[in-house]
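Shown next, in structure tokens, is the structure this report addresses.
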Amino acid sequence: MKNVALIACLPVLLLAACGRTEPVADMPSQEELAAAANAAAASALATQQAAEDAEPRNYVNLERGFSVSFPEGWMKNAEASTADGAIYEDKGAGADVRVFWQKNDNDETLQQIVEAVSSGAEGVDGDYIGDNEYRGTANDGEGNNVAVRLLKQPDGSIVTATFVYPEMLSEQYQPIVDKTLASLRVFAPKGEAAAPAEAGNSVAAKPVAP
């Protein structure tokens, strides 16, 4: 009898269990599906167009033989940039990155060039890395920190990257500064054969891929 009673109760238990499930939503119509697909396609097209219109993050100067990756969202100062280099800015924060090539007609040593670049700055501190690289920091005396990296090319010319940012934003900017300056690379200028790398030289032979 107990088995008969249990069997008789099974349909009631199943109905009760079904009653606790969520109701199935109505399936969208063909028109709704088509509208959603069109909206997704339009959004993808707009995103692609925005990416094409945006300033490229990687700056490559084939004529002078160097490249660097600027922070995302920063804008190029076209008026101040030249064939020898570029300036990218974060105008809202009052920060900028300047990367320029300069000829070394007097065949100055890296130390002599660093001394010239550092003149007028305060609290200059830095290190030479091998014979062809220098990294340092300073203060411009106007409330801005300055981080600099110099790379000497095989022909003696110099590529200088200078990152200037408000001292009060040091904590937020330090990771950006390190990443940007570390991305600087020098390579054989267009039309010149690549020189063999020297031992201990941190200068890379290939540019950053655009």
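So here's what we get for this one:
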read-out: Solvent-accessible surface ranking, highest first, for Thr137, Thr162, Thr180 at 1.4 angstrom; value: Thr137, Thr162, Thr180
read-out: Heavy-atom accessible area ranking, 1.4 Å probe, most first, across Glu89, Glu133, Glu142; value: Glu142, Glu89, Glu133
read-out: Potential extension, Glu63-Ser81 segment - 0.36 nm per residue separation minus Cα distance; value: 5.0 nm
read-out: Estimated FRET transfer efficiency (Glu142, Gln112; beta-carbon r; R0 22 Å; 0.05); value: 0.30
read-out: In Hz, Karplus ³J(HN,Hα) per residue of the range 101-110 (6.51, -1.76, 1.60; θ = phi - 60°; x = Gly, Pro); value: 9, 9, 6, 10, 4, 8, 6, 6, 6, 4
read-out: Residues whose placed amide H lies under 5 Å from that of Ser157, excluding near-sequence neighbours; value: Asn104
read-out: Difference of contour (0.36 nm per residue) and Cα-Cα distance, Asp155 to Lys179; value: 6.0 nm
read-out: Rounded to whole Hz, the Karplus (6.51, -1.76, 1.60) HN-Hα couplings of the range 92-100, x for glycine and proline; value: x, 9, x, 10, 7, 10, 10, 10, 9
read-out: Dipole in debye (nearest 20) - the range 58-186, about Cα centre, beta carbon charges: Lys, Arg +1; Asp, Glu -1; value: 420 debye
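The values are calculated or read from the model by the stated rules, or taken from the named source; none is laboratory data. Predicted model only: the values in this text are computed from it and were never measured. Heads up, the Cβs are rebuilt from the backbone with ideal geometry, glycines too, and the neighbour counts pull from every protein chain shown. Accessible surface is based on the protein model in full, side chains and every heavy atom, while ligands, DNA and RNA are left aside. Shrake-Rupley method; radii C 1.70, N 1.55, O 1.52, S 1.80 Å.
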